[in-house]
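**Q** So that we are looking at the same thing, I have put the structure below in structure tokens.
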Amino acid sequence: MSYSIRTAKISDLVAIVDLNNSSNPYPWSERLIEESLNARTSWVLQSDSARPDALTAWLVASNVCGQSELELILVAKDERRKGYAEALLLAWRNWADELKHDELLLEVRESNVAAIELYYKIGFEEVGRRKNYYTHSSGKEAACLMSLFLK
């Protein structure tokens, strides 16, 4: 597994939109992705096996008052379970630690067991739930709220 991680740039917009549309069951609009690239912190991961114009994964986080909150992490469908999400999450954690942030935050669908297990592995703890937060084809489900204190 060979890959590179770097800060996302506005020139990545087309590749991120492609990744979003092919990998996100609830895709963001192109406008929201562009706004995220301009106003938030994000990284892209490109595996050596990916096409030169394609991205393997993307993570975007917002930052305020010593906290950084994961807004979205995407990994290409055919590249999942290879450690790329973990690599991006660790890059995010290291970046926040260098900036002396106090805490990382995220929310995740309660049905996303693989993601929840990964977040626990990295050190996140569940700190609450939002009932009926997410809508999907068969109804609603809760969001698990998770936190990782850095200090």
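**Q** Which condition breaks for residue 128 when tested against (1) within 16 Å of residue 94 (Cα to Cα); (2) surrounded by fewer than 17 Cβ atoms within 10 Å (Cβ to Cβ)?
**A** Condition not satisfied by residue 128: (1).
**Q** So which residues in the stretch 7-24 are of a type outside the set (S, T, N, Q) and touching a residue at least 40 places away in the same chain (Cβ under 8 Å), if there are any at all?
**A** 8, 12, 15, 16, 19
**Q** Got a sec? Which of 29, 49 is of a type outside the set (Asp, Glu) and either in contact with an Asp or Glu (Cβ under 8 Å, 6 or more places away or on another chain) or under 17 Å from residue 5 (Cα atoms) (or both)?
**A** 49
**Q** Go through (1) within 12 Å of the chain's Cα centre (by Cα); (2) surrounded by fewer than 18 Cβ atoms within 10 Å (Cβ to Cβ) and name the single condition residue 59 misses.
**A** (2)
**Q** Please enumerate the residues belonging to the stretch 69-117 that are under 21 Å from residue 19 (Cα atoms), outside any strand (DSSP E or B) and among the hydrophobic types (A, V, I, L, M, F, W, C).
**A** 76, 85, 87, 88, 89, 90, 91, 92, 114, 115 - these are the residues of the stretch 69-117 that are under 21 Å from residue 19 (Cα atoms), outside any strand (DSSP E or B) and among the hydrophobic types (A, V, I, L, M, F, W, C).
**Q** Let me ask something additional. Give me a count of the residues in the stretch 125-151 that are of a type in the set (A, V, I, L, M) and under 13 Å from residue 110 (Cβ atoms).
**A** 4
**Q** Note down all Cβ pairs under 8 Å where the first residue falls in the stretch 27-44 and is surrounded by fewer than 14 Cβ atoms within 10 Å (Cβ to Cβ), the second is part of a helix (DSSP H, G or I) and among the aliphatic types (A, V, I, L, M), and they're at least six residues apart or on different chains.
**A** Pairs found: 38/10.
**Q** Are there any pairs, at least 6 apart or on different chains, whose C-beta atoms fall under 9 Å, with the first in the stretch 56-85 and touching a residue at least 60 places away in the same chain (Cβ under 8 Å) and the second part of a loop (DSSP other than H, G, I, E, B) and among the hydroxyl-bearing types (Ser, Thr, Tyr), and if so, which?
**A** From the stretch 56-85, the pairs are 82/56; 84/56.
We did not get these values from a lab; they are worked out from the coordinates using the rules stated. These figures come from a predicted structure and were not determined experimentally. Quick reminder, even Gly has a Cβ in these numbers, built from the backbone with ideal geometry, and neighbours come from all protein chains shown.
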